[in-house]
Amino acid sequence: MTTFGQRLWAAMDEHGPLCVGIDPHESLLSAWGLDVSADATREFGLRVVAAAAGRVGVVKPQVAFFERFGSAGFAALEDVMRAAREAGLLVIADAKRGDIGTTMEGYAAAWLAPGSPLEADAVTLSPYLGADSLQKTLMTALRVDKGAFVLAATSNPEALAVQSALTIDPSANEGERVAERIARDVAGNNVGLPGALGSIGVVIGATVDRAAFGLTDIVLAGTPILAPGFGAQGAQPADLGRLFGYVASGVLASESRSILSAGPERLSQRIQERAALYGERTHG
């Protein structure tokens, strides 16, 4: 069995860095001529999967837009993620889970355990109850050859004060920022794994100033990076190399509205067009 990092590297090598978000927001459902229901989110998600298959390597369902419909929404999400994985796409469940102890073990079983109804290839996690609180979940991911992306530097303006703050942990490096500490802890989980990329990554908004968070190329080397903020949020494919420098080859550029706004009839064409804009992926 290959690691998640190896599968991610291969998918990006074949299809490029574009990751298509599956975000059945109410306004998009309406624009697509669908009602606002669990069944409509299923139809929306399955259409995105069909359009993405063979054109990109990774999709990212936004769990909240399914979860809002309760059990019926989760059933729709199960169908969409299953269809995506059967189509050969890697699936990142954008769930942003973060807790402690056995609760995190439960989340790990839900999103990463082989055979789980909600099985994904990777899940997004929040470290803000303490990065160490995620450790058992990360170990579970590695044990079953799955992945995780831990929030480090997000693009919402109010995050800067917290994520760029200096740590007071005596075990941390002097002057280390919170986001840097998270990225360093994440990188430790990848030590010894085969391949060019680790299996545990970080989330870094494409529109943030990495330097303000202490996220240098040295800190991020070998760590997969999920980068929302491309497309409608302002960052463009041509910016990827400038924004991420030496570590650009490990960046998944996530786009949602810029693609989904094309509507169901033009969706495949829009994915093809956006993927082409990233050009050939370089290996750094």
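What follows is calculated from the coordinates using simple rules that are stated; it is not laboratory data. Everything quoted here is computed from the prediction, not taken from an experiment. Heads up, the Cβs are rebuilt from the backbone with ideal geometry, glycines too, and the neighbour counts pull from every protein chain shown.
Derived scalar couplings between HN and Hα for the range 210-217 equal 4, 4, 5, 9, x, 9, 7, 4 Hz in order, rounded to whole Hz, by the Karplus curve 6.51 cos²θ - 1.76 cosθ + 1.60 (θ = phi - 60°), x for Gly and Pro. Per DSSP H run of at least 4 residues, take -39500 (n - 2.57); add these up for the chain, divide by its residues and hand me the 222 nm value, nearest 500 deg cm²/dmol. The helix-only estimate for the chain comes to -11500 deg cm²/dmol at 222 nm. Once the Cα-Cα distance is subtracted from the 0.36 nm per residue extended length, the D13 to D217 segment shows a gain of 71.4 nm.
Taking amide H as placed 1.01 Å from N in the peptide plane, the amide H of L18 sits under 5 Å from that of A253, each at least 5 places away or on another chain.
The peptide list 197-210, 144-157, put in order of mean Cβ contacts within 10 Å with the highest first, becomes 197-210, 144-157.
Our estimate of slack between D132 and R85, defined as 0.36 nm per intervening residue step minus the Cα-Cα distance, is 13.9 nm. A simple rule links phi to the HN-Hα coupling: the Karplus curve 6.51 cos²θ - 1.76 cosθ + 1.60 with θ = phi - 60°, which for the range 220-237 gives 9, 4, x, 9, x, 10, 9, 10, x, x, 7, x, 4, 7, x, 6, 10, x Hz, with x for Gly and Pro.
For the chain, the relative contact order is 20 percent, taking Cα pairs closer than 8 Å that sit 6 or more residues apart in sequence and dividing their mean separation by the residue count.
Taking the DSSP beta bridges in the range 4-276 as the whole, what percent of them are antiparallel, to the nearest 5?
5
Computing FRET efficiency as 1/(1 + (r/R0)^6) for A232 and E67, where r is the C-beta to C-beta distance and R0 is 25 Å, gives about 0.65.
Most tightly packed first, judged by the mean number of other beta-carbon atoms within 10 Å of their residues, the peptides 57-68, 105-116 read 57-68, 105-116. In whole Å, how far is the Cα centre of the range 62-82 from that of the range 214-283? Centre-to-centre distance over Cα atoms comes out at 25 Å.
Taking every pair of Cα atoms in the chain, average 1/r, invert it to obtain the Kirkwood radius, and report Rg/Rh to two decimals.
Across the chain, the Cα-based Rg/Rh ratio is 0.95.
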